[in-house]
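Written below as structure tokens is the structure these notes are about.
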Amino acid sequence: MVAPPRLERLTVAEAVARYLAAVEVDAVREVLSPATARSYSRDVAEFARLAGPATILDDISGPDVDALLVRYQSAPDARFTDPGVKPGPGRSTATVNRFRQSVSRFFTHAARECWVQADPMQWASPPARSREPLRVARTALSAGAARSLLLSDDAAPARPDQDLAARDRLVLALLLILGPRVSELARAETADFTRELGGEPAGSAVWRIRGKGGAVRSVTLSPPLAAALDTYLTQLRPRLAARRPDDADAQRALLLSWRGRRVDTQAIRALLRRAVDRMPPEVRREVTPHALRHTTATLLVAEGWDVKVVAELLGHASIATTGVYLDRIDGELAAAVRAHPLTASG
């Protein structure tokens, strides 16, 4: 008979240090996105502070977790320093539930590594239900607004070597047409784009998108999108890459800044804000890269594409997730009523 594994009575500080090392490995292996890894690290470090670094991890019970969550919720949200921005102290239910999810993942790892006899989260109170108001504002852009964003003219650069119009047009086209996550676009590399020798149409450009959990999906670029990619790769990117010839990461990266560094997610968001500012006032509104994923999903379904195909394009494991991305299309409800088979009866 095999003896059961021996329990390691680690302190919270020791367990958290080992866990965060594992999170870092998962981030390097791209099992976790950099943003997710940072979120886990931040939350688990806060858990260690609240629980007490010298506390034995296995001594923490379900009620202890409940008390810890209450302390976390009652603390002021560090993102809001102006009391006029957010009424009342404390963190939102959504923020607390995100923190709880990070702690739960930590304890799942601890139970697997025999740092605790049993996961205390199973005896903690269930997560609170969010009572935030329903979202009524439209997330996705209309077809007209999306087209306006895609065709927005670039402002003249201050210097000729800062003319990044070819890069910016490519970024907007990829976000609007293919709907990748902003993190997927930021970590894209030139080697991820290949030409298909066979199939239809021959010579099509294909993007192997490295998504969440290490999943990879291949998406064929439309001819205009492939042309925008070729223009950037042949005319602009070589000049940008030449500015940092010894930067191995920059030499691999698809998107580069005018200084020749890999473009990060914040730079992509800033690029998008500048493009929105150039839209006509009648269709201009605040938009994020994530809203453009909603736009991709909504417009494709409006054109009759199967939700399963859209889910595969966006990298969703479930079509239920894709359903959340679909905004109601103006006139859709009235059209459905007109098309009802019983409309003409009676």
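Here, each number is a calculation from the coordinates, and none is a lab measurement. Keep in mind that this is a model prediction, so the values were computed, not measured. Cβ atoms come from the backbone with ideal geometry, glycine included; neighbour counts cover every protein chain shown.
From the Cα gyration tensor of segment 143-333, with a ≥ b ≥ c the square roots of its eigenvalues, which class applies: rounded if a/c is under 1.5, or else prolate if a/b is larger than b/c, or else oblate? Verdict is oblate for segment 143-333. Using a basic spin-label model with each label point 7 Å from the Cα along Cα→Cβ, how many nm lie between ARG129 and ARG285? For the pair ARG129/ARG285, the computed spacing is 2.9 nm.
Take the Cα of ARG9, step 7 Å toward its Cβ, do the same at ASP64, and the gap between the two points is 1.2 nm. Label-to-label distance, GLN251 versus LEU50, with points set 7 angstrom from Cα along the beta-carbon direction: 4.6 nm. If R0 is taken as 30 Å, the Cβ-Cβ distance between ARG243 and ARG274 corresponds to a FRET efficiency of 0.90.
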